[in-house]
Amino acid sequence: MKRPVWLLIGVVLAVGVAWFALRLGGGGDLRVDLVEQFAAAKDKRPNPETFEVVDATIADDTRRAILVKNSSRLVYSVQVPDDGELRVGIGLLESAWTTPGDGVLFRILIAAGGPQEEVLNIVVNPFGNPNDRSWHDLSIDLSEYAGETIDVFFNTNASPPSQPPVNDSNGDLAVWGAPGVYAR
């Protein structure tokens, strides 16, 4: 083939790869930056002092984040755009990685004029599981709520569920990294 044909093939491949990377890896339009909207959060339990907006670094990746100092609930009311998506990174600060503990249970719930629905339930325990020594990037499809105002609940618990219940808060330096609502 001649050079112009190879050049055209290269351009088409580059555009295709870029489009695919954006669809998978986070293109889209940020509509609601929940760190910026922290002061306007609808509910902060057990009290506002439980939370702090910080620059959190985990595995050499720094993000604007909400640090949680105890078991907590943070609630936002957000209007969902067409083809909406909630994106957030979760993790524990590096200073917690060597502190014996049982990790943190992260939960996200959605309420749209009815009962809350749990959409995320995950334990992060970097002391017990070295694979948890990074950000866990999550994406939750909100497209079924397009045009609606919903409540998004960010909950943390000091320990994973167990019988009998445990409340081990050692090393619990949980962060919600760069939470936001996007239009894809």
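One table, with the values for the structure above:
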| item | result |
| --- | --- |
| Gain on full stretching of the segment that runs from D55 to V166 - 0.36 nm per residue minus C-alpha separation | 37.0 nm |
| Simple Cβ-charge dipole of the chain, Lys/Arg +1 and Asp/Glu -1, about Cα centre, in debye nearest 20 | 520 |
| Positive-end residue, the chain charge dipole about Cα centroid, Cβ charges, pick of F38, S143, S162 | S143 |
| Percent RCO, i.e. relative contact order, over the chain, from Cα pairs under 8 Å lying at least 6 residues apart | 33 |
| Added length on full extension, which subtracts the Cα-Cα distance from 0.36 nm per residue, N131 to S143 | 1.2 nm |
| Cα-based helix-to-principal-axis angle, 3-25 vs the chain, degrees rounded to 10 | 20 |
| Two-site FRET efficiency, E94 against I122, from Cβ-Cβ distance with R₀ of 25 Å, rounded to 0.05 | 0.85 |
| Structure-derived mean projected area of the Cα convex hull in nm²: which label, when the choices are [x] 16.1; [y] 9.7; [z] 13.7 | [z] |
| Most mobile of G89, G114, G103 in a GNM of the chain (Cα contacts under 10 Å) | G114 |
| In nm, spacing of pseudo-spin labels at T62 and A40 (7 Å Cα→C-beta vector) | 2.7 |
| HN-Hα J in Hz across the range 76-90 - Karplus 6.51, -1.76, 1.60, θ = phi - 60°, x for Gly and Pro | 10, 9, 9, 8, 8, x, 4, 6, x, 8, 9, 10, 7, x, 10 |
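Computed from the coordinates by the stated procedures, all read-outs in this text should not be read as laboratory data. Keep in mind that what you see is a predicted model, and the values were worked out from it rather than measured. No Cβ is skipped: glycine too gets one built from the backbone with ideal geometry, and neighbour counts run over all protein chains shown.
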